[in-house]
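Q: A single structure is presented below for examination.
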Amino acid sequence: MARISDEDVRRVRDATDLVSLVQERVMLKQKGRLFWGCCPFHQEKTPSFKIDPATQLWHCFGCGVGGDVYGYVMRTDGVDFIEAVRLLADRAHIEIAEEAGGVPRSLRERLIAATEAAASFYHDNLTKSPEKGASAAREYLQKRDFGSEVARTWRLGFAPGRGALVRHLTKAGFSADEIVGANLALKGDNGQLKDRFYERIMFPIADLQGRTIAFGGRVVGSGEPKYLNTQDTPIFHKSANMYGIDRAKALITSSGMAIVVEGYTDVIALHEAGVANAVATLGTALTREHVRLLSRFAKRVVYLFDGDAAGLRAADRASEFIDKSITPEAGRDRVELFVAVIPGGQDPADFVAAQGAEALADAVADAAPLLQFSIDRRLARWDLDRPEERSRALKEAAQVLAPIKDSLLADDYANYIADRLFADVGTVKRAIGAARPLATSVAAEGGEGSLAEPSLRDSPQVRLERDLLDLLVRTPRLRRRARFLLSENLLTEPAHRAIAEGIAQEGADMPADVLVGRLEASLPGAAAVLSGGTFGDVADEDAEAVERDMARKLKEFDLERRIAVGKARLKQPASFKEPAEYDELFKNVSALQRELEEYRSGVRDVG
C-alpha cells in the first residue's frame with residue numbers, strides 16, 4: 001500500500017484553496033464569510049452547499065456530507081485518499097514522494113503512458129490496417145452495430161500480435177520492464193518479449209480520470225479464452241475497476257443510480273442507446289470493492305443479469321452482498337441493491353437493440369430489491385404446498401436475512417416470508433435468529449483510528465456540540481475552553497470528545513485551516529464532522545459571550561439527562577435495597593433540578 005508523508009499531505013493541502021477548487025465545477029456566491037452554491041453531489045435548486053474559507057471545510061445541508069479539500073476530491077472524482085493527494089499535487093505542481101512499498105510515482109506514470117500508447121496503437125490498427133485480422137474485427141463490430149463512430153468514441157482497437165506492439169512501444173522509448181509491468185507483453189523462456197494480446201478486438205479500460213490502464217480483448221473468430229483481460233498490475237486491479245466508469249460516473253451521480261452489466265459490448269450498447277449510467281465488471285463477478293466504488297457516486301445499484309441459465313446463476317450469487325449497509329440503520333452510508341433479469345434469455349446489448357431503451361428502462365424500473373429477489377429465488381426451489389419442503393424453504397430464506405437479523409428490514413422481510421409460507425411470524429423470526437449467514441459482509445469498515453459518525457445526528461445537543469467545536473476552531477483564543485468541555489463531560493459524542501482533545505493539544509495560535517488539517521491527519525473524519533457547523537458568523541468581540549452561552553446550554557442538556565435518569569430510577573422503588581438509597585437519590589435529583597433552574601435563570605454560569 002502506497003503512503004505519502006504527512007509533510008507532503010500538509011504541503012498539498014496548504015497549497016490548495018478550496019473555494020478556487022470548487023469554483024472549477026460549481027458556481028459559488030459569497031454571503032458573509034461563507035460561500036454557497038448548489039451541491040455537486042445531488043440535484044437541487046436552492047443552494048445548500050457551503051464553504052468556509054477560514055477552516056477550508058465544505059458541507060452540504062441537503063445530503064449531509066462534508067469534509068476538507070481531500071474529501072471533496074475523493075467524492076467528486078471517486079478516488080481514494082492517496083489518489084486525491086496525487087491529483088491535488090499535480091494541480092499545485094508539487095512533487096511528492098510515495099513510501100512504504102507503494103509504486104514510485106514516476107513508474108506509475110510510465111506504466112500509464114505505455115498503456116495509453118498501446119491503446120493508440122491498437123485503435124490505429126483497427127481503423128486503418130488493411131490486414132485480414134483487422135478487417136475481420138471491423139466486420140464483427142459492424143454486425144453488432146458498432147460502426148466507425150462507435151469505435152472512435154470508445155477507442156476500440158485490434159491487437160495483431162506477432163510482436164507488433166512490443167516493437168512499437170520499444171521504438172517509442174519504453175523499456176522491457178515497463179512493457180511487461182503494464183502486462184502488455186510477456187517474457188518468453190528465451191528472454192524475448194511477446195505480445196500478450198493477439199488477434200483480438202481490444203476494449204481499453206480507463207480509470208476514473210479517463211486514462212487507459214488495462215484492456216479487455218475478445219478473440220476474433222474461434223479460440224479460447226473468448227475474452228482475455230489484463231492481469232492485475234501496479235496501476236490496475238480488476239476487482240476494483242469497472243469498464244465505463246469514467247464515462248458513466250457523471251450520470252450515475254446525477255441520477256443516483258448505477259446499472260451493472262457483465263460485458264463490454266453491453267456497456268457500449270446501453271450508452272449508445274442513451275443509458276449512460278451503465279458499467280461492467282471485468283471478467284469477475286461483482287465484488288465488494290466494486291460496490292464500494294459505485295457507492296461513492298450513487299446509493300442505488302441495479303445489477304442487470306442476462307436471462308439465460310448462466311445469468312440466473314450469477315444473480316443467485318448476488319446474495320453475498322447482503323449486509324448491514326443495505327439497511328435503514330446504515331443511515332447516509334446505506335446502499336440499495338436491486339436485481340433485474342433481462343426477459344427472454346437475452347443479454348442487455350441484444351435486448352436494447354431489439355426492444356429499445358424504453359423497454360430496458362422498464363426492466364430496470366421493475367428491478368427487485370436484492371433481499372426480495374434472493375428470498376424469492378430460494379423459495380422457488382421448493383414445493384411450498386408440502387410441509388416438509390416449507391420447512392427447508394424457511395431455513396434457506398432465513399439464511400438470506402442472517403447478516404441483518406437485528407435490523408428493521410429483517411423484521412419487514414420476516415413478515416414477507418411468513419406470508420409466503422403461511423407461517424407464524426414468530427417462527428420465522430426464530431429461524432432468522434438461529435441462521436448463519438450465506439456469505440461474508442460487503443460493507444466497508446471504517447479505517448483504523450477514524451472517527452465514528454455521531455449517533456444522534458439530528459438532535460439539538462449534537463448540533464450544539466458540533467457548532468461549539470466549530471467556533472473553537474475558528475477562534476484561537478477560545479481553544480483553551482476545549483479542556484473545560486472535557487473536564488465537565490459536556491460532549492456526549494465520542495467523535496466530538498476526540499476532536500476537543502485534539503484542539504486542546506494543538507495549541508492556540510495556528511490558523512483555523514492549519515488546525516483542521518492537523519486534526520484530520522490525526523483523527524480521520526474530523527473534517528467531515530466539523531464541516532457541519534451551522535452557527536454562522538460571530539463578531540470577534542462577541543465570541544466569548546457566544547461560547548459561554550453555548551457551553552451553558554450544554555450544561556443544561558447534561559443536567560436534564562441526569563434528572564431524567566434519576567426520575568426513571570425513582571419510578572422503580574423495588575430496585576432499592578434500602579429506603580435510605582431512595583431518599584438519597586430523591587435528594588440528588590432535587591438538587592440537580594435546582595441547579596438547572598439556576599442556569600436557566602442566569603443565577604449560575606459555567607466556569
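The values are calculated or read from the model by the stated rules, or taken from the named source; none is laboratory data. Since the structure is predicted, the reported quantities are computational estimates derived from the model, not experimental observations. So basically every Cβ, Gly included, is an ideal-geometry build from the backbone, and we count neighbours across all protein chains shown.
Q: Do the conditions hold for GLY256, that is, is it in contact (Cβ under 8 Å) with a residue 12 or more places away in the chain and surrounded by fewer than 17 Cβ atoms within 10 Å (Cβ to Cβ)?
A: Working: in contact (Cβ under 8 Å) with a residue 12 or more places away in the chain: yes; surrounded by fewer than 17 Cβ atoms within 10 Å (Cβ to Cβ): yes.
Yes; evaluated as a whole, the condition is true for this residue.
Q: Can you tell me which residue in the range 181-205 is farthest from the chain's Cα centre (by Cα), limited to those that are more than 22 Å from GLU224 (Cα to Cα) and without any contact (Cβ under 8 Å) to a residue 24 or more places away in the chain?
A: Selected residue: ASN190.
Q: Same structure, new question: Are any residues in the range 247-298 modelled with pLDDT under 90, touching a helix residue (DSSP H, G or I) at 6+ places or on another chain (Cβ under 8 Å) and in a loop (DSSP other than H, G, I, E, B), and if so, which ones?
A: Selection gives GLU262, GLY263, THR281, ALA285, LEU286, ARG296, PHE297, ALA298.
Q: Any idea which of ALA248, ALA273 is touching a residue at least 12 places away in the same chain (Cβ under 8 Å) and under 16 Å from ALA363 (Cβ atoms)?
A: Values: ALA248 fails: under 16 Å from ALA363 (Cβ atoms).
Just a single option satisfies the conditions, and that option is ALA273.
Q: OK, next. Go through the residues of the range 307-324 one by one and say whether even a single one is at pLDDT 75 or above and of a type in the set (A, V, I, L, M). It would help to see each step written out before you state the result.
A: Taking the range 307-324 and keeping what is at pLDDT 75 or above, we get none.
Checked against the condition, which is being at pLDDT 75 or above and of a type in the set (A, V, I, L, M), the range 307-324 yields no hits at all.
Q: Checking GLU95 against (1) crowded, with 16+ Cβ neighbours inside 10 Å; (2) outside the structural domain of PHE197 (by TED's automatic domain parsing), which single condition isn't satisfied?
A: Among (1) crowded, with 16+ Cβ neighbours inside 10 Å; (2) outside the structural domain of PHE197 (by TED's automatic domain parsing), the lone unmet condition for GLU95 is (1).
Q: Scan the range 288-314 and report the pairs whose first residue is under 20 Å from MET257 (Cβ atoms) and in the same structural domain as VAL364 (by TED's automatic domain parsing) and whose second residue is modelled with pLDDT of 75 or more and among the hydroxyl-bearing types (Ser, Thr, Tyr), with Cβ atoms within less than 6 Å and a gap of 6+ or a chain change.
A: GLU289/SER239; PHE297/THR253
Q: Take the range 192-240 and flag every residue that is in a loop (DSSP other than H, G, I, E, B), in contact with a Leu (Cβ under 6 Å, 6 or more places away or on another chain) and surrounded by 23 or more Cβ atoms within 10 Å (Cβ to Cβ).
A: Across the range 192-240, the qualifying residues are ARG196, ILE235.
Q: Filter the range 536-560 down to the residues that are surrounded by 11 or more Cβ atoms within 10 Å (Cβ to Cβ) and free of Cβ contacts under 8 Å to residues at least 60 places away in the same chain and list them by number.
A: The answer is ASP542, ALA545, ARG548, ASP549, ARG552, GLU556, LEU559, GLU560.
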